[in-house]
Structures are given as structure tokens and as C-alpha cells.
Amino acid sequence: MKELRVNGERLWQTIMETAKFGGTAKGGVCRLTLSDADRQVRDWFVRECEVADCSVSIDEMGSIFARRPGKADTPPPVAIGSHLDTQPSGGKFDGIAGVLSGLEVVRTLKEAGYTTNAPLELIDWTNEEGSRFTPPMLASGVFAGVFERDFAYSVKDRDGKKFIEELERIGYHGQKKCPDHKLGAYFELHIEQGPVLEAEKKTIGVVTGMQGQRWYEVTVTGQEAHAGSTPMHLRHDAMVACGRMVEAINKIALNHPPFAVSTVGLVTVRPNSRNVVPGSVFFTVDLRHPDDDVLLHMDGELRERVEVIAGESGVSANLVNNWNVASMEFDPECISQVRKAAGALGYLYRDIISGAGHDAIYIARVTPTGMIFIPCEHGISHNELENTTPEYIAAGANVLLHTVVAYDAARNAAMR
Ligand SMILES: [Zn+2]
């Protein structure tokens with residue numbers, strides 16, 4: 001068993017094969033949730049899972065569960081999952097690498113004639129991206145009890161089409177109730193979507209948890225005025241105040257190295273005219289840190305800086321904190337199995353905290369969960385240029401294989 005390795009070439013070919021469903025001219029993928037391309041890749045996935053001797057079931061959110069029998073049928077399954085949907089101009093690997101590495105694990109175990117003690121389940125979660133139907137991680141959220149099923153059904157896309165209607169249209173509205181489906185453990189492989197592993201020349205990221213996150217909306221109100229006839233000292237320029245705030249917000253993260261990040265990513269200037277002093281600016285703030293206490297401290301600094309700068313600039317500022325996610329840690333046993341597998345396989349690895357949301361974040365609320373990161377080129381993701389190498393994917397899939405097998409064996413030994 002120790003010598004067992006996935007077929008990296010087959011895995012790469014499989015990823016390239018699925019990239020055709022919704023493939024774009026620039027080499028990316030546009031496979032929005034519950035679109036025709038999503039149905040095509042699902043149909044393909046179900047067929048391949050059946051060829052690999054799995055029995056397939058669909059739950060009430062359209063998530064696909066492919067079950068490979070274990071020696072015993074009663075223990076809850078050890079699961080591997082991620083998502084096959086993409087952003088409108090997404091890449092070939094985000095989510096897909098995780099699901100198809102799972103498929104490669106199942107194929108490898110079949111060829112080796114190895115049967116786990118508990119059943120194995122391979123999962124494709126519906127609507128991880130949240131681009132067509134917001135919020136993201138919708139099906140894993142319902143699975144974990146974060147969202148109500150009927151709320152998810154009622155969510156509409158920009159054309160007014162409801163989630164449930166589109167789920168039925170593509171033929172993936174299953175019967176199995178989310179709360180009735182129990183998992184014994186959950187592992188997810190994902191591209192890092194950041195530059196750290198590549199920069200440090202590490203092959204595997206042992207994901208220990210996710211950072212906390214706080215979102216804000218700030219409206220700065222000054223006074224519109226003529227750009228030619230209003231002297232500088234008599235202006236109430238909302239954009240100048242905003243500019244100072246953006247710099248201050250950047251400093252808040254710089255003052256809490258190495259983990260803090262802060263971003264102003266959306267700005268709307270009114271009236272947005274070249275010869276009018278801006279009267280109003282709306283902008284968003286995204287603050288993240290793995291330690292919730294530090295994040296709260298950053299929250300205090302943000303409020304203080306915005307107020308002080310508004311006062312100095314002769315404008316008013318209204319700050320609303322509209323979304324928070326607490327930081328979380330994955331299961332110590334799952335983390336340790338990933339770390340051990342990476343070490344035993346001889347890959348360079350490091351612990352890492354996820355900067356992005358993943359289905360695993362929600363599943364961790366209901367089952368012991370671990371994640372494996374692999375590098376992606378220049379950290380680029382949610383982009384048609386997203387790239388990684390066959391070697392990295394194969395390494396990640398090997399870690400996934402050995403993690404799952406070791407976790408299953410350890411749990412079986414503990415139950416005896
Ligand atoms: Zn993803």
C-alpha cells in the first residue's frame with residue numbers, strides 16, 4: 001500500500017477532458033452552476049464514477065455522491081469532494097482538481113484491488129462559486145445547516161431564474177434530504193489560489209484552518225462643486241477623503257504582519273464627472289486575519305481612522321459592517337494525517353491558512369475535515385489563465401490517496 005501512487009498522466013488528461021464542458025477560447029472554463037455545461041460535466045462525472053464501480057445518488061440540493069463500498073457498509077463514509085462549477089471566466093482547476101483527484105483516488109484503489117474499511121464517497125457540491133446564485137458554497141451550506149434549503153431554492157440569478165427551477169431543468173433535483181446524509185470525515189484538495197506555496201517552492205500546503213473575515217460598506221459624503229471655480233480650501237471632496245482612507249486601510253493590514261490583509265476592491269464615485277468635485281463616494285472594505293481578536297482590533301482601527309479622516313477632510317462618513325465570518329480550525333486528526341502523508345511521500349510541505357472560502361469550511365461544522373493545497377501558477381485563480389502542473393496535481397492526489405487510506409485505517413483500529 002505504501003508504494004501505491006495515482007496515475008498522474010490519467011488525472012491530467014481527465015482534467016483536460018472536462019475542461020471542454022464550457023471551455024473558453026482563452027483556455028479557461030465558463031461553467032456556471034446549473035447551466036447546460038454544468039449538466040454536461042455532471043453527466044460525464046456520473047458515468048465515470050459508475051465505471052469506477054461507484055453507486056451514485058443525488059441530494060435535494062443537486063450535490064452528487066458517488067459511493068465506493070467499504071468492507072463494512074455501516075460506518076459513515078470517508079468523503080472526498082469539491083466542486084465542478086466555475087466562475088464566468090474561470091480556470092480549469094479551481095474545484096475541479098479536487099473532484100477529479102478524488103476520482104483518480106477511486107480509480108487507483110480499484111486497480112489496486114484495495115477496499116477501505118468504511119465506504120468512500122466522492123462529492124461534487126452544487127454551486128460553490130456563487131457567481132450565478134449568491135451566496136457561494138450554497139449546497140455545502142445547506143448540507144451543514146448553515147442555510148435553509150427553501151432559502152437556497154428561492155435564490156434567483158440575474159435573469160430572475162430560481163435555483164430550484166434550474167436544478168429541475170438540468171435533471172439534478174435529487175430526493176435525498178441533506179440532514180439525513182452523514183459523513184465520517186471529509187477531505188478536499190484545492191489549488192491554493194494564492195502565491196505562497198509557489199514562492200516558497202513547497203508542493204503541498206497542509207491547511208490548518210481559515211482566517212476570519214469582516215466586510216464593510218463605507219459611504220463618504222462631501223459636496224459636489226465646480227472643478228474650476230471652487231478653491232481648494234473651500235472644498236468638501238469625498239474622493240480625496242476616500243483616497244486617504246484607502247491608504248489608511250492598507251496600513252491597518254501592514255501594521256499586523258504577516259497574516260493581516262485588507263482590501264478596498266469596489267469604489268463608486270458620484271457624480272463621476274471629470275469637472276465636478278466628487279460629492280459622494282461609496283466603497284467596500286474586506287479585512288481578514290486568522291486570529292479573531294486581532295481582526296476585532298483591526299475593526300477598531302478601521303472605525304477610528306475613517307472617522308478621524310472624515311473629520312479632517314470636512315466630509316461625513318457612514319460605515320456599515322455587513323458580513324462577518326469567524327476564523328475556524330480544521331480537525332487536528334485530519335490535519336495530522338495530511339501532514340504525515342505529505343512527509344511520507346517525500347514532498348516539501350508547510351502548514352497554511354486558507355485565504356478563500358471552500359466547501360470544506362462549512363462541512364467542517366458537521367464532520368472532521370481536512371484540506372490539501374497545491375501551488376497554482378503566480379497564485380492566479382478565478383481567471384482563465386489559472387494554471388498548475390501535472391506534477392503538483394499528481395502530488396496532491398497522492399497525498400489525498402494516502403491521507404484517506406490512513407485515516408480510514410486509523411479510525412477502524414480505534415473502533416476495535
Ligand atoms: Zn474552489
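We did not get these values from a lab; they are worked out from the coordinates using the rules stated. All figures in this text were calculated on a predicted structure; none of them were measured in a lab. Cβ sites come from the backbone with ideal geometry, for glycine too, and all protein chains shown count toward neighbours.
Within the chain, which cysteines find no other Cys whose Cβ is under 4.7 angstrom from their own?
By the Cβ distance rule, which asks for a partner under 4.7 Å, the isolated cysteines are Cys30, Cys178, Cys242, Cys334, Cys376.
Regarding region 237-283, what are the three Cα extents along the principal axes, ordered largest first, in Å?
Here the Cα extents, ordered largest to smallest, are 41, 15, 13 Å.
Beyond 29 Å between alpha-carbons counts as too far, so tell me which of Lys156/Lys177; Lys110/Lys161; Lys26/Lys201; Lys110/Lys156; Lys26/Lys176; Lys161/Lys182 fall in that bin. Intermediate values should be presented prior to the final figure.
Working: Lys156/Lys177 22 Å; Lys110/Lys161 41 Å; Lys26/Lys201 27 Å; Lys110/Lys156 41 Å; Lys26/Lys176 38 Å; Lys161/Lys182 31 Å.
The answer is Lys110/Lys161; Lys110/Lys156; Lys26/Lys176; Lys161/Lys182.
Which order results if Tyr347, Tyr216, Tyr186 are arranged by neighbouring Cβ count within 10 Å, fewest first?
The fewest-first ordering by Cβ neighbours comes to Tyr347, Tyr216, Tyr186.
So for the chain, considering every pair of alpha-carbon atoms, how many percent are separated by more than 29 Å?
For the chain, the fraction of Cα-Cα distances above 29 Å is 49 percent.
Let me have the 222 nm mean residue ellipticity of the chain computed from DSSP H runs of 4+ only, each contributing -39500 (n - 2.57), with the sum over all residues rounded to the nearest 500.
Working: 12 runs with 150 residues, N = 416.
The helix contribution divided over the chain gives -11500 deg cm²/dmol.
Classify region 62-205 from the C-alpha gyration tensor, please: rounded if a/c falls under 1.5, else prolate or oblate depending on whether a/b exceeds b/c.
Oblate.
Rg and Dmax of region 191-312, Cα atoms, in Å?
Here Rg and the maximum Cα pair distance are 18.2, 60 Å.
Given the Cα-Cα distance of Glu200 and Asn7 and 0.36 nm per residue of separation, how much length would full extension add, in nm? The partial results should precede the final answer.
On the way: separation 193, 0.36 × 193 = 69.48 nm, distance 2.61 nm.
Stretched fully, the Glu200-Asn7 segment lengthens by 66.9 nm.
If you take the beta carbon distance between Val320 and Met415 as r and set R0 to 51 Å, what does 1/(1 + (r/R0)^6) give as a FRET efficiency, to the nearest 0.05?
That pair, Val320 with Met415, gives E of 0.55.
Among rounded, prolate and oblate, which fits region 355-416 when a ≥ b ≥ c are the square roots of the eigenvalues of its C-alpha gyration tensor, a/c under 1.5 means rounded, and a/b larger than b/c means prolate?
oblate
Is region 260-416 rounded, prolate or oblate when judged by the Cα gyration tensor, a ≥ b ≥ c being the square roots of its eigenvalues, rounded requiring a/c under 1.5 and prolate requiring a/b larger than b/c?
Because a/c hits 1.5 or more and a/b exceeds b/c, region 260-416 counts as prolate.
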